[in-house]
Amino acid sequence: MSLRSFLLASFLSLLSTTCLGENRIANIHEGTNIAVALPPNGDTLVIDLIGQLWQFPLSGGAANPLTPSTAIARNPRFSPDGTFLVYQSEETSQWDLWLLDVEKGIQHQLTNTPHNEVEPDFSANGSSVVFSSNLAGSYDIWEINIESGNLTQLTSSSGKASFPSVSERGEIAYVNERNGRWSLELLRGEISTELFSRSYPLRAPSWRPGGGVIIFNERPNPGQSNLMMILLDTDPLTKTLTSGEDVFGFRPAWLSPGEFVYTADGGVWRRRLASTTRQAIQFFAGVTVTRPSYPRRTVDFDRPRSGAVAAEPYVIQVDRLFDGIRNQYRRHMDVHVDGQRITDVVTRGLKPLPSRVIDARGYTLIPGLIDLHTHTTNLPDERLGRAWLSYGVTTIREVETNPSQWEASSNRQPAWSANPRAGPRLILTAPVITQSDKPVIDLGSEFAVFQISRGQPEQFTSRSINNVRELGIPIFGQTLFPAARFGIDGLEHIGSTAERPYSLERSELNRSYQDIFSVLIETRTVVIPALVAFGGFQALVENDPAWARDNAYVRLFSPAERAQWEAPVDSREQLINLQRIVAQLIQAGGRVAAGSDSPTSPYGLGLHAELALLSEAGIPNDQILRLVTSGAALALGIERDLGTIEPGKLADFVVLSGNPLTRIQDSLRIEAVVKDGLWTARNELLAEP
């Protein structure tokens, strides 16, 4: 099959599996964490953009796909004669090596083991491929003969060997990490020699043509990623080649002994060894993604209550009402409640009052808060429920991470639903399906969200998504790719730290570029950044100890629990860059919602900390309040019942003595919480039973 026919068939297959959505084109001119490969003739470049291999002229221009969107392809390297590309591919939760005949467009799987084979490079004569693998339990350098498939282990030292690079003379430079120290090592024959070592990460050596010089990546601190050169002499000499750039941790490619190509800051660059400047190589690509479009399932929140219910209709009279729609308060308002629901929202005095009137004049009323990302926990249900409600969180979405705790979550949901004072409304995420033959349709009505896990085969992903669409529930993904190609509703975080250095969503310096923003905007995917989980809560406590002295926090949690949440982190650079990403995404028109990632952060208080971190990032306070109320409800598909203060909606409110539109931390000045129409003073929630 020709390359053209192969890609056409793949595209038609993609279209056939995405009928419940709108196919759109994301125009991309930057890449996040991309690698580059250069053939011997030096006339084209290949990069691994959003998980596919793409080719474009060395002078820049339109990029054409070389691999289909049915698997993640990373780390391309050309054979010495330029005929083949070798790369690592993830179709399940592991990496294998593949070969691509560039002219014929034919792919061939080179390794197929239950282990990871990564970071390949061709041998000097092109007859074999060297790579890093944990085939023997720990990561060592291996070699596979292309024709016979025979495997040979080349190193067996302690540590974690990575990124082998083969010189024209057959020498192999690679990185080895042991006990928190990284070294650049040289393998000649069966003898490894240490060339250079540091107490911080090193990556991706690349030999200069003719040998004698190696370029590699170093990350001396969380906010710095440089290219280094080492001159192999009697006493090896090193030189820093770049400064102040977000250099991606992959091998550079050589145009000549004095000039190379590398990736950094979202782009592809040419640089001479003797120069302090770089030249951009521009590219652009059109990527097909899907914006979801499907009928949402209606969630029944009007279930019989075995616990307390509002005994009679009542009115809350409030001076400042933030309804979750407008960017300003509605002043001097009456909110009428009957049973679980709001019957009217009117200016004070326009409608006759019932016998029960709650005087909240001088106070602020906002919708009940929604936490879109929490995890199961061993905390007792009674204390956990009080903690959430005492912080005004009336709805949480729980992500399944520990199968042993799933039964407890399933029991907690109806218990909290039956008694509004027992805990928040619990939205359950279906357990991750790991077998493609398990029918998604049998998940049942107890689940309100489905999740696509990282590493699921893309063929399975597409079928799962279409089956879930028939259920009418939203789909969240652990990673943006490959799921965005078939249309997901939400993204957990912005890339997982466990993926590095292969994350497609964030670089080593925790920066995202135009490719990610473009896909998120075209698909309208809601991002839950959970800034608080990346050292955010600790940073707030360090800057303002009042966070650690919060009354509810001290009363609800033990000293040991608080100490764990307040433990200092090594660096704030990651948090600062993530805040910058979120601000850029919102400014570009992307969608963001709030999640605390508890128990990584304190239950309840962690969500307020997230709001403060979003405010630090420059997000307007009214927008922050909407993304934790109406925006979150929309992401979960429950906007008909929750997220705003309007007639017909469930009566979920938080009564504040402060002014969060002026100072977002005033969201913590909670006087009372209303869930399903039932008024509860905060002091009641903080009192031990």
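The values are calculated or read from the model by the stated rules, or taken from the named source; none is laboratory data. Treat the numbers as computed from the prediction; the structure is a model and nothing was measured. Neighbour counts are summed over all protein chains in view; Cβ atoms, including those assigned to glycine, are modelled from backbone coordinates with ideal geometry. Side chains included, ligands, DNA and RNA excluded: accessible areas come from the protein's heavy atoms. Shrake-Rupley method; radii C 1.70, N 1.55, O 1.52, S 1.80 Å.
Run the accessible area of the stretch 382-421 with a 1.4 Å probe and give the carbon-and-sulfur part as a rounded percent. Could the numbers behind the result be given before it?
Values: 650 of 1280 Å².
About 51 percent, which is the carbon plus sulfur part of the accessible surface.
State, to one decimal in nm², a quarter of the convex hull surface area for the C-alpha atoms of the chain, i.e. the direction-averaged projected area.
Details: hull surface 123.0 nm².
Over all viewing directions, the chain projects a mean Cα-hull area of 30.8 nm².
First measure r as the distance between the Cβ atoms of Glu147 and Arg272, then evaluate 1/(1 + (r/R0)^6) with R0 = 56 Å and state the FRET efficiency to the nearest 0.05.
Working from the Cβ atoms, E equals 0.90.
Quick one: 3J(HN,Hα) in Hz for the stretch 135-146, Karplus 6.51/-1.76/1.60 with θ = phi - 60°, rounded, Gly and Pro as x.
Each residue of the stretch 135-146 in turn: 4, 9, x, 10, 6, 10, 8, 10, 9, 10, 6, 5 Hz.
Rounded to the nearest angstrom and ordered from largest down, what semi-axes does the equivalent ellipsoid of the stretch 70-180 get from its C-alpha gyration tensor (root of 5λ)? Show your work: numbers first, answer last.
Numbers: eigenvalues 94, 57, 27 Å².
Computed over the stretch 70-180, the values are 22, 17, 12 Å.
Once phi is turned into ³J(HN,Hα) by the Karplus curve 6.51 cos²θ - 1.76 cosθ + 1.60 with θ = phi - 60°, what whole-Hz value does each residue of the stretch 75-83 show in order, with x for glycine and proline?
My calculation for the stretch 75-83 gives 6, x, 9, 7, 6, x, 9, x, 7 Hz in order.
Calculate how many DSSP beta bridges within the chain are antiparallel, expressed in % of all such bridges and rounded to the nearest 5.
Bridges in the chain that DSSP calls antiparallel: roughly 80 percent.
What is the set of long-range amide H partners of Asn33 at a cut-off below 5 Å, with H atoms built 1.01 Å from backbone N?
Distant-sequence amide H within range of Asn33: Gly266.
Kirkwood Rh over Cα pairs of the stretch 229-280 into Stokes-Einstein at 4 °C, 1.567 mPa s: D in µm²/s?
The Stokes-Einstein estimate is 109 µm²/s.
Thr343's amide H: which non-local residues (gap 5+, or another chain) put their own amide H closer than 5 Å, with H modeled 1.01 Å from N in plane and none for Pro or chain starts?
Long-range HN contacts for Thr343: His336, Val337, Asp338, Gly648.
To the nearest 500 deg cm²/dmol, what mean residue ellipticity at 222 nm is calculated for the chain from DSSP H runs of n ≥ 4 alone, each contributing -39,500 (n - 2.57), summed and divided by the residues?
Values: 13 runs with 129 residues, N = 689.
Computed ellipticity for the chain at 222 nm equals -5500 deg cm²/dmol.
Considering the dipole of the stretch 532-689 built from charges on the beta carbon (Lys and Arg +1, Asp and Glu -1) around the Cα centre, which of Thr680, Leu614, Leu661 is farthest to its positive end?
Leu661
What is the magnitude of the charge dipole of the chain about its Cα centre, with +1 placed on the Cβ of each Lys and Arg, -1 on the Cβ of each Asp and Glu, and no other charges, expressed in debye to the nearest 20?
1560 debye
Starting at the first residue of the stretch 573-584, write each ³J(HN,Hα) from the Karplus equation 6.51 cos²θ - 1.76 cosθ + 1.60 with θ = phi - 60°, in whole Hz, x for Gly and Pro.
Whole-Hz 3J(HN,Hα) from phi for the stretch 573-584: 4, 4, 4, 4, 5, 5, 4, 5, 4, 4, 4, 5.
Name the residue from Ser157, Ala173, Ser243 whose Cα lies farthest towards the positive end of the charge dipole of the stretch 109-247, charges +1 on Cβ of Lys and Arg and -1 on Cβ of Asp and Glu.
After comparing all options, I get Ser243.
Work from the charge dipole of the stretch 125-276 (Cβ charges, +1 for Lys and Arg, -1 for Asp and Glu, about the Cα centre) and give the residue of Trp142, Asn226, Ser183 farthest towards its positive end.
Asn226
With Kirkwood's inverse mean 1/r over C-alpha pairs for Rh, give me the Rg to Rh ratio of the stretch 210-354, two decimals please. List each step's numbers first, then the result.
Numbers: Rg = 32.4 Å, Rh = 22.5 Å.
A ratio of 1.44.
In terms of solvent-accessible area of protein heavy atoms at a 1.4 angstrom probe, what is the ranking of His373, His493, highest value first?
The ordering from most to least exposed comes out as His493, His373.
Would you mind checking which residues have amide H under 5 Å from Leu480's amide H? H placed 1.01 Å from N; only 5 or more apart, or other chain.
Hits under the 5 Å cutoff: Gly495.
Counting other Cβ atoms within 10 Å of each Cβ, which GluC sites (Glu not before Pro) in the stretch 86-131 have at most 11 and sit in a DSSP loop? Don't jump to the answer; show the numbers that get you there.
Numbers: sites: Glu90, Glu91, Glu103, Glu117; in loops: Glu91, Glu103.
Answer by residue number: Glu103.
Sort 604-615, 667-678 by the packing proxy (mean of other Cβ within 10 Å over each peptide's residues), most packed first. All intermediate terms of the calculation are to be shown ahead of the outcome.
Values: 604-615: 27.1, 667-678: 23.2.
Averaged packing, sorted descending, gives the order 604-615, 667-678.
Sorted from largest down, give the three principal axis spans of the alpha carbons of the stretch 313-395, whole angstrom values.
49, 31, 21
Would you mind working out the magnitude of the charge dipole of the stretch 215-342 relative to its Cα centre, with +1 at each Lys and Arg C-beta and -1 at each Asp and Glu C-beta, to the nearest 20 Debye? Display every interim value, and only then the final one.
Numbers: 17 positive and 14 negative charges, 76 e Å.
About 360 debye.
Given the C-alpha centroids of the stretch 610-689 and the stretch 27-67, what is the distance between them in whole angstrom?
So the two Cα centres are separated by 46 Å.
If you roll a 1.4 angstrom probe over the protein chains with everything in place, what fraction of the accessible area of the stretch 168-286 belongs to carbon and sulfur, to the nearest %?
Working: 2330 of 5100 Å².
Carbon with sulfur: 46 percent of the solvent-accessible area.
May I ask for log10 I(q)/I(0) of the stretch 30-134 at q = 0.11, 0.14 Å⁻¹, from a Debye sum over the Cα atoms as equal point scatterers with solvent left out?
Log10 I(q)/I(0), no solvent term: -0.30, -0.49.
In Å², and per residue, what accessible area does the chain have when probed at 1.4 Å with the other protein chains present?
Result: 37 Å² per residue.
Which order do peptides 72-85, 268-281, 528-541, 156-169 fall in by mean Cβ count within 10 Å, highest first? Present the calculation step by step, with values, prior to reporting the outcome.
Numbers: 72-85: 21.5, 268-281: 15.1, 528-541: 25.5, 156-169: 18.5.
With the highest mean Cβ count within 10 Å placed first, the list reads 528-541, 72-85, 156-169, 268-281.
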